[in-house]
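Q: This structure is in structure tokens; I'll ask about it shortly.
The values are calculated or read from the model by the stated rules, or taken from the named source; none is laboratory data. In this text the structure is predicted, and so the values were computed from the model without any measurement. Here Cβ is always computed from backbone atoms with ideal geometry, including for glycine, and neighbour counts include all displayed protein chains.
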């Protein structure tokens, strides 16, 4: 009989006391028209994750499917200098878990701190890359050695290379170094399209 009650207590400990926890949401990176949302690893206990939905100003963003195991999402197409509220809802076998709500304002055109670049292929990398890093420091922007979820632009003169391929997969603009120079010169974020590099081999 004691074994029976021990089993009941074990079941209660496993399924009754250990409940799933709501996601903890935060803003990781912000630009004029995009941002990255990030959340801690989900604590689901014995529950199974069915879907994870993103909400902007109370409306579900149906176009964003979050793969299982992913803990971030990059949102684009936002308006400049606008306030937004976001939260996520994790739908599990134990019910829906709603995160905290985060409020964020996208940057004004003269705020360059959201720029986060990586470097692609150059005809002569030095001293050009060193000069670009100096500009990045002057405008309080960021750079990284590899393309990641925070990368906003890839600076390059030539197509090709690991960072270039990664940027294409993640729909990150690949622009000439002159884009960054012009941002610093004007003190305002510049449109990427006029500075796109052209892969001639794709146009043959």
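Q: Out of the range 142-180, which residues are crowded, with 20+ Cβ neighbours inside 10 Å and under 17 Å from residue 30 (Cβ atoms)?
A: If the condition is that a residue be crowded, with 20+ Cβ neighbours inside 10 Å and under 17 Å from residue 30 (Cβ atoms), then 151, 152, 153, 172 are the ones that fit.
Q: Please state which of the following conditions residue 43 fails to meet, knowing it meets all the rest: (1) surrounded by 12 or more Cβ atoms within 10 Å (Cβ to Cβ); (2) touching a strand residue (DSSP E or B) at 6+ places or on another chain (Cβ under 9 Å); (3) in a loop (DSSP other than H, G, I, E, B).
A: (2)
Q: Take the conditions in the same structural domain as residue 131 (by TED's automatic domain parsing), over 13 Å from residue 117 (Cα atoms) and in a loop (DSSP other than H, G, I, E, B) and apply them to residue 145. Does it pass?
A: no
Q: Checking residue 114 against (1) closer than 30 Å to residue 196 by Cα; (2) surrounded by fewer than 16 Cβ atoms within 10 Å (Cβ to Cβ): exactly one of these is not met. Which one?
A: The single condition residue 114 does not satisfy is (2).
Q: Let me ask you something else. Considering (1) farther than 28 Å from residue 165 by Cα; (2) exposed (fewer than 13 other Cβ atoms within 10 Å of the Cβ), say which one residue 77 fails and leave the rest.
A: (1)
Matching residues to (1) touching a helix residue (DSSP H, G or I) at 6+ places or on another chain (Cβ under 9 Å); (2) over 29 Å from residue 53 (Cβ atoms):
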| site | (1), (2) |
| --- | --- |
| 77 | no, no |
| 83 | no, no |
| 113 | no, yes |
| 136 | yes, yes |
| 150 | no, no |
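Q: Tell me whether the range 181-199 contains one or more residues that are farther than 22 Å from residue 108 by Cα, in contact (Cβ under 8 Å) with a residue 40 or more places away in the chain and surrounded by fewer than 15 Cβ atoms within 10 Å (Cβ to Cβ).
A: Checking the range 181-199: at least one residue is farther than 22 Å from residue 108 by Cα, in contact (Cβ under 8 Å) with a residue 40 or more places away in the chain and surrounded by fewer than 15 Cβ atoms within 10 Å (Cβ to Cβ).
Q: Continuing with the same structure: Scanning for something closer than 18 Å to residue 184 by Cα and either at pLDDT 95 or above or outside the structural domain of residue 190 (by TED's automatic domain parsing) (or both), does the range 159-170 turn up at least one residue?
A: No, because not a single residue in the range 159-170 is closer than 18 Å to residue 184 by Cα and either at pLDDT 95 or above or outside the structural domain of residue 190 (by TED's automatic domain parsing) (or both).
Q: When you look at residue 66, is it touching a strand residue (DSSP E or B) at 6+ places or on another chain (Cβ under 8 Å), in a strand (DSSP E or B) and either outside the structural domain of residue 172 (by TED's automatic domain parsing) or touching a residue at least 60 places away in the same chain (Cβ under 8 Å) (or both), yes or no?
A: Considered against the rule, which asks whether it is touching a strand residue (DSSP E or B) at 6+ places or on another chain (Cβ under 8 Å), in a strand (DSSP E or B) and either outside the structural domain of residue 172 (by TED's automatic domain parsing) or touching a residue at least 60 places away in the same chain (Cβ under 8 Å) (or both), residue 66 comes out as no.
Q: Can I ask one more? Scan the range 47-63 for residues that are in a loop (DSSP other than H, G, I, E, B) and either at pLDDT 90 or above or loosely packed, with under 12 Cβ neighbours inside 10 Å (or both) and report the count.
A: 6
Q: Given (1) modelled with pLDDT under 95; (2) more than 30 Å from residue 44 (Cβ to Cβ); (3) not in a helix (DSSP H, G or I), where does residue 201 come up short, assuming only one miss?
A: All conditions pass for residue 201, except number (3).
Q: Any chance the range 120-140 includes a residue that's at pLDDT 95 or above and within 30 Å of residue 44 (Cβ to Cβ)?
A: no
Q: Scan the range 125-138 and give yes if some residue there is under 22 Å from residue 76 (Cβ atoms) and either loosely packed, with under 15 Cβ neighbours inside 10 Å or touching a residue at least 24 places away in the same chain (Cβ under 8 Å) (or both), otherwise no.
A: Yes, there is a match, as at least one residue in the range 125-138 is under 22 Å from residue 76 (Cβ atoms) and either loosely packed, with under 15 Cβ neighbours inside 10 Å or touching a residue at least 24 places away in the same chain (Cβ under 8 Å) (or both).
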